[in-house]
Amino acid sequence: MPPSSIPGFRQVPFTGVIYVMAEASRLGYRHLHPDWCNLGQGQPETGPLPGAPERVTQAVMDPEDQDYAPVPGVPELREAVATLYNHRYRQGRKSQYTADNVCVCGGGRMSLTRAVAALGHINLGHFLPDYTAYEELLDIFRLFTAIPILLDGSRGYEFTIEELRREITGRGLSALLLSNPCNPTGRVIQGAEMRSWVELAREVQCTLLIDEFYSHYVWSGGPASAPPISAAEFVDDVDRDPVVLFDGLTKNWRYPGWRTTWIVGPRTVIDAASSSGSFLDGGGSKPLQRAAIPLLEPGHAGREAAAIQAAFAGKRRMLIEGLTAAGIRLDLAPQGTFYCWGDVSALPAGLNDGMSFFRAALKEQVICVPGEFFDINPGKRRSGRPSRFKHYVRFSFGPEEAKVRAGVERIQRLVRGER
């Protein structure tokens, strides 16, 4: 009996990645199945990488760790996060992050949920396309109104500071949610451009809620050369500037199963997110939070970031070249993340829209994500019309290189009509 037929419950939709994994499972996919190429996955490969610190394979549990963790996180981990941000982005700056500027949460979605639950009766802007999980997140809490802002693929998803000012002031936005680097387009806002965004947020008093979960995956400076990025670099006063950041071990340290993430921002925001966490989830895993502390040591974190960029740069090049050779057009070669956002409209009939391509690829044991899932539509208010991203597909170069290579070869055979 479907959940919607039980009194009091609604049908809750799968997010994009969960949906495609469920569909693949119907055809025999299982995690680590040797015959499948999962180019839909939203996690990076989690094994050893050349030059990276040794992977953590066990965690010691102190007897005190049997107790609840504090809702905002264990103090030592909060301090370690603040120290890393100050080391990377705030050297020589008077205003420094402290443990009071950090809230530790049990996963990226929980970090975002805690923050969004603390928003008031406001207009909240969000971009299209963007991370699939934002859709339910922006609908479940009804205090604020979600305002979509469409980005133009023909311009490489650029959004000028003049356009940003017009949207904030014209639509009365009090907050703006975005992923940077952007999932799925790979667009990165950094350097002088990010500085201008933070300055504008400070001027017009619009809070930037920036999902920085892919900040170690930055390619715009050239393969294996771009440092991690964060808007924290351009904050003047850590307790007054309206900038709230989200990150964690999930992507940038390649420990998605640990479900250990954090929010960095003004103390008042951290206090509010901790309060919302007290009724939403009650706090994260105390043993894993303690185990995470050494991973935040700046030298360790730097070696992990460098190893990621060295290993993933080749996979990025492989996927870009392979998709392009298959006739799949990229509006933008990814400047960040481990995704390629491909337009399949020029492919043969039966492959020239995202959902059809996804279904056909499954038959070749290749998983990808149809672009329509990134057309964030809280409450399905824009119903009765095709998605503007109907002809797009997101492909991941998160898996091991051999899986990426095999996936590209199968996609090329599919487009050529070979079986």
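The values are calculated or read from the model by the stated rules, or taken from the named source; none is laboratory data. Here the structure is a predicted model, which is why all the values come from computation and not from measurement. Quick note on the areas: whole protein, heavy atoms, side chains included, nothing else; ligands and nucleic acids left out. Shrake-Rupley method; radii C 1.70, N 1.55, O 1.52, S 1.80 Å.
Treating the angle as unsigned and between 0 and 90°, give the value, to the nearest 10°, between the Cα long axis of helix 75-89 and the longest Cα principal axis of the chain.
So the helix axis and the longest Cα principal axis differ by about 70 degrees.
Taking the Kirkwood radius as the inverse of the mean 1/r across Cα pairs, report the Rg/Rh of the stretch 228-351. Please list the in-between numbers first.
Working: Rg = 19.4 Å, Rh = 17.9 Å.
Reported Rg/Rh, Kirkwood definition of Rh: 1.08.
If you average the alpha carbon positions of the stretch 1-74 and of the stretch 87-115, how far apart do those two centres end up, in angstrom?
23 Å
Equivalent-ellipsoid semi-axes (√(5λ), Cα gyration tensor) for the stretch 110-223, whole Å, largest first?
Working: eigenvalues 98, 59, 35 Å².
Those come to 22, 17, 13 Å.
For the chain, what relative contact order do you get, as a whole percent, if you take Cα pairs closer than 8 Å and at least 6 residues apart? Walk me through the numbers before you get to the answer.
Numbers: 816 pairs, mean separation 103.3, N = 419.
Relative CO of the chain lands at 25 percent.
Once you've got the GNM for the chain with C-alpha springs shorter than 10 Å, pick whichever of LEU280, LEU296, LEU27 has the biggest mean-square fluctuation.
Top of the fluctuation ranking is LEU27.
When the helices in the chain are scored as -39500 (n - 2.57) per DSSP H run of 4 or longer and the sum is shared across all residues, what 222 nm value do you end up with, to the nearest 500 deg cm²/dmol? Don't jump to the answer; show the numbers that get you there.
Details: 12 runs with 147 residues, N = 419.
Helix contribution divided over all residues of the chain: -11000 deg cm²/dmol.
What does DSSP give for the chain in terms of the percent of beta bridges that are antiparallel, rounded to the nearest 5?
Working: 18 of 39 bridges.
So the antiparallel bridges in the chain amount to around 45 percent.
Between helix 267-280 and the chain, what is the angle of the helix's C-alpha long axis to the longest principal axis, kept within 0 to 90° and rounded to the nearest 10?
That helix lies at roughly 60 degrees to the long axis.
Can you report the principal axis dimensions of the stretch 311-419 using only the alpha carbons, biggest first, rounded to whole angstrom?
On the principal axes, the stretch 311-419 reaches 41, 32, 22 Å in Cα extent.
Could you tell me the accessible area of MET61 in Å² (1.4 Å probe, neighbours in place), rounded to the nearest ten?
100 Å²
Could you order THR46, THR185 by accessible surface area, starting with the largest, using a probe radius of 1.4 Å? Working shown, then result.
Values: THR46 60, THR185 5 Å².
Descending accessible area places them as THR46, THR185.
Quote the accessible area belonging to THR98 in square angstrom, nearest 10, computed with a 1.4 Å probe and with ligands, DNA and RNA left uncounted.
50 Å²
Just how much of ARG381 is accessible, in Å², when a 1.4 Å probe is used and the result is rounded to the nearest 10?
ARG381 exposes around 140 Å² with every protein chain in place.
By accessible area of protein heavy atoms, probe 1.4 Å, what ranking do THR260, THR324, THR160 get, highest first? All intermediate terms of the calculation are to be shown ahead of the outcome.
On the way: THR260 5, THR324 85, THR160 35 Å².
Reading off the accessible areas and sorting them downward yields THR324, THR160, THR260.
Quick one: accessible area per residue over the stretch 48-148, 1.4 Å probe, rounded to a whole number of Å²?
With the other protein chains kept in place, the stretch 48-148 gives 47 Å² per residue.
Mind jotting down the three principal axis lengths of the stretch 184-254 based on Cα atoms? Whole angstrom, largest first.
35, 24, 22
Tell me the carbon and sulfur percent of the accessible area for the chain, rounded to whole percent, probe radius 1.4 Å.
Working: 9290 of 17560 Å².
Carbon plus sulfur share of accessible area: 53 percent.
Report, to the nearest 10°, how far helix 354-363 tilts away from the longest principal axis of the Cα atoms in the chain, using its own Cα long axis and a range of 0 to 90°.
Rounded to the nearest ten degrees, it is 70.
Might you tell me the accessible area per residue for the stretch 366-419, computed with a 1.4 Å probe and given in Å²? Write down the numbers at each step before the final one.
Values: 2480 Å² over 54 residues.
Accessible area per residue: 46 Å².
What number does the stretch 42-104 give for Rg over Rh if you use C-alpha atoms and the Kirkwood radius?
Using only Cα positions, Rg/Rh for the stretch 42-104 is 1.07.
Mind jotting down the distance between the C-alpha centroids of the stretch 143-180 and the stretch 331-365, whole Å?
26 Å
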